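One structure is given here, and the rest of the page talks about it.
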Amino acid sequence: MRTLIFATNNQNKVNEIRKVTEGKFNIITLKEAGIDIDIPEPHDTLEANATEKSTVIYQLTKQDVFSEDTGLEVVALNGEPGVKSARYAGEGRDFQANVDLLLLNLDGITNRQAQFRTVVSLLLDGKEYLFEGICTGTIISEQRGRQGFGYDPVFIPEGSTKTFAEMTMNEKNIFSHRKKAISKLIDFLAQV
Ligand code: ITT
């Protein structure tokens, strides 16, 4: 089975992706590879940041690697927090502070449409391939549920009445942006 390094420091992402890649390919996390690095995300698109993360780790290891960058794009906020999702309320990358700021900025706004968008960057033998996954839904005005991470307690995907934070990981993966992008990666790897 093929082995890829997953260039992330977010253990929640690792857990979700391992659920769907089991038996398809092996994932080595940065921690497992002994790499302790805060990968920069300096760009203004998800695509460029995903490329940055996989490229930094490829240059270090010369091994096949993938990364992903995800943003929550809210229609009434002109696509924000978007690429700034992790640091919306500041450099502390505090999930709760980010959610609080989002709810504050949406206070009194009736259009609650939003989407999560994930861009996966795969570097295979040094060549890059990008895969996208989108999950549309709405932002509610209270927080519900304790599973998941980030903006999960305020996001209800289209087709559900539960927030992502009220779902098990398997349920979230029925709808998830990340699952959709990774499924495309899995299909691609099955062909090469
Ligand atoms: P790496 O860059 O190390 O992979 P990160 O947490 O910095 O991890 P991102 O730059 O992709 O990852 O951050 C996007 C932020 O968007 C993340 O910190 C969460 O707040 C939020 N986010 C991403 N995926 C999410 C999901 O599935 N559910 C809820 N919030 C999510």
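Between A89, A181, A76, A97, the distinction of being among the aliphatic types (A, V, I, L, M), open to solvent by less than 70 Å² (accessible area, probe 1.4 Å), assigned to a loop (DSSP other than H, G, I, E, B) and at pLDDT 95 or above belongs to A89 only.
Among the residues in the range 59-73, are any within 12 Å of the ligand (Cβ to nearest atom), surrounded by fewer than 22 Cβ atoms within 10 Å (Cβ to Cβ) and within 21 Å of V154 (Cα to Cα)? Among the residues of the range 59-73, at least one is within 12 Å of the ligand (Cβ to nearest atom), surrounded by fewer than 22 Cβ atoms within 10 Å (Cβ to Cβ) and within 21 Å of V154 (Cα to Cα), which makes the answer yes. Test R144 against the criterion of being among the basic types (K, R), at pLDDT below 95, in a loop (DSSP other than H, G, I, E, B) and open to solvent by 60 Å² or more (accessible area, probe 1.4 Å), and give yes or no. The answer is no for R144. Looking at the range 155-178, which of its residues are of a type outside the set (A, V, I, L, M, F, W, C), touching a helix residue (DSSP H, G or I) at 6+ places or on another chain (Cβ under 9 Å), open to solvent by 10 Å² or more (accessible area, probe 1.4 Å) and without any contact (Cβ under 8 Å) to a residue 24 or more places away in the chain? Selection gives E158, G159, S160, K162, E166, E171.
Condition check ((1) closer than 24 Å to F66 by Cα; (2) more than 12 Å from the ligand (Cβ to nearest atom); (3) polar (S, T, N, Q)) across all residues:
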residue	(1), (2), (3)
C135	yes, no, no
V154	no, no, no
S160	no, yes, yes
M167	no, no, no
K180	yes, no, no
S183	yes, yes, yes
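Scanning the range 15-52 for residues that are modelled with pLDDT of 95 or more and near the ligand (Cβ under 9 Å from one of its atoms) yields E16, L30, L46, N49, A50.
The values are calculated or read from the model by the stated rules, or taken from the named source; none is laboratory data. Because the structure is a prediction, the values reported are computed rather than measured. Don't worry about glycine lacking a Cβ; one is built from the backbone with ideal geometry, like all the others, and counts go over all protein chains shown. To get the accessible areas, we keep the full protein, side chains included, count just its heavy atoms, and leave off ligands, DNA and RNA. Shrake-Rupley method; radii C 1.70, N 1.55, O 1.52, S 1.80 Å.
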